1. What are the lysines whose alpha-carbon lies under 21 Å from the alpha-carbon of LYS163, with same-chain residues fewer than 8 places away excluded?
2. What are the residues whose amide H is under 5 Å from the amide H of ARG59, where those residues sit 5 or more places off or on another chain and H is modelled from the backbone?
3. With everything on Cα atoms, drop me the angle between helix 72-83 and the longest principal axis of the chain, reported from 0 to 90° to the nearest 10.
4. Using Cα pairs under 8 angstrom and six or more residues apart, how large is the relative contact order of the range 124-218, in percent?
5. Can you compute the label reach from ALA134? Point 7 Å from Cα along the Cβ direction, backbone N cut-off under 14 Å, restricted to the range 1-44.
6. From the phi angles alone, apply the Karplus equation (6.51, -1.76, 1.60; θ = phi - 60°) to the range 217-234 and give each ³J(HN,Hα) in whole Hz, x where the residue is Gly or Pro.
7. ARG10's amide H: which non-local residues (gap 5+, or another chain) put their own amide H closer than 5 Å, with H modeled 1.01 Å from N in plane and none for Pro or chain starts?
8. For the range 159-174, what does the Karplus curve 6.51 cos²θ - 1.76 cosθ + 1.60, with θ = phi - 60°, yield as ³J(HN,Hα) per residue in whole Hz, taken in order and with x for Gly and Pro?
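The values are calculated or read from the model by the stated rules, or taken from the named source; none is laboratory data. Just so we're clear, the structure is a prediction, and the values are computed from it rather than from any experiment. Positions of Cβ are generated from backbone atoms using ideal geometry, with glycine treated the same way; all protein chains shown enter the neighbour counts. Surface areas here come from the heavy atoms of the whole protein model, side chains and all, with no ligands, DNA or RNA. Shrake-Rupley method; radii C 1.70, N 1.55, O 1.52, S 1.80 Å.
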Amino acid sequence: MSVAQELSGRVAVVTGATRGIGLAIARRFAEAGAIVGVAGRNEAAAAQVAAAIRAAGGRAFAARCDVAKRGDAEALRDAVHREAGPATIIVNNAGIARSARVQDTDDALWDETLAVNLTGAFQIIRAFLPDVLAAGVRGRILNIASVAAKVGWPYTTAYCAAKHGLLGLTRALALEIARKGPTANCICPGWVDTDMAAEAVARIDDMTGRGADAARAELEQMNPQRRFMTADEVAAATLFLATDAARGVTGQAWNIDGGGVMS
């Protein structure tokens, strides 16, 4: 079976699927034959993405979920069960990034960053884990982390802490479920050409006054290839890890950053 057909009939849930990396993953999975649950805080935006996937010949449905809210993970699971049945592939993509010096990181910024990037992923995993375990060797948990899960970046203390935590969660989970068949992995992008990167460029411009082009170039210099990654590149790696060919890959953290971090 080709990769283009590899996920035929399987139910995949993607959080934060209304834009950027999540949107690219939802499209890729649908092209590979999955029934995709497009989850996001903005229900209208999720419905638009699901409709576009269906218009292109794929299978998708929208479901509202704010991963930072207690109870939303269970509500999402119930909605997925009603629409398509048990989910065998879970992609935790929802995330936020805020910049602040440590002394300027107040409780609200810290709590929100960890709630979305770490606790939210944990709650989604816990809600869907029975489905994933029931899928055996075809069960997949895929967490979109960041190279900030492996290295520190200045002015992103909360974000780095959350992403380091997500990687630790993934590795512990992978060992816990290994004998039951499913896998758990992290995908760790560097700077990706998405709205989140554009917001970072705007913040640097505001702080330095050097202009957006100079700010973008500064971020590109962090990548030996001197470019931003694309959301499609991240989606392609995520798709592979969801396929049967990746059955032996678990507890790993795949970097997609042009060689910027080699560990």
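1. By straight Cα distance, LYS163 reaches LYS69, LYS150.
2. Amide H neighbours of ARG59: VAL36.
3. On a 0 to 90 degree scale, this one is about 40.
4. Relative contact order comes out at 30 percent.
5. Residues passing the 14 Å test: 11-12.
6. So the J values, rounded to whole Hz, are 4, 4, 5, 5, 5, 6, 10, x, 7, 6, 7, 7, 6, 10, 4, 5, 5, 5.
7. Answer set, sorted by chain and number: ILE35.
8. 5, 4, 4, 5, 6, 4, x, 5, 5, x, 4, 4, 5, 5, 4, 4
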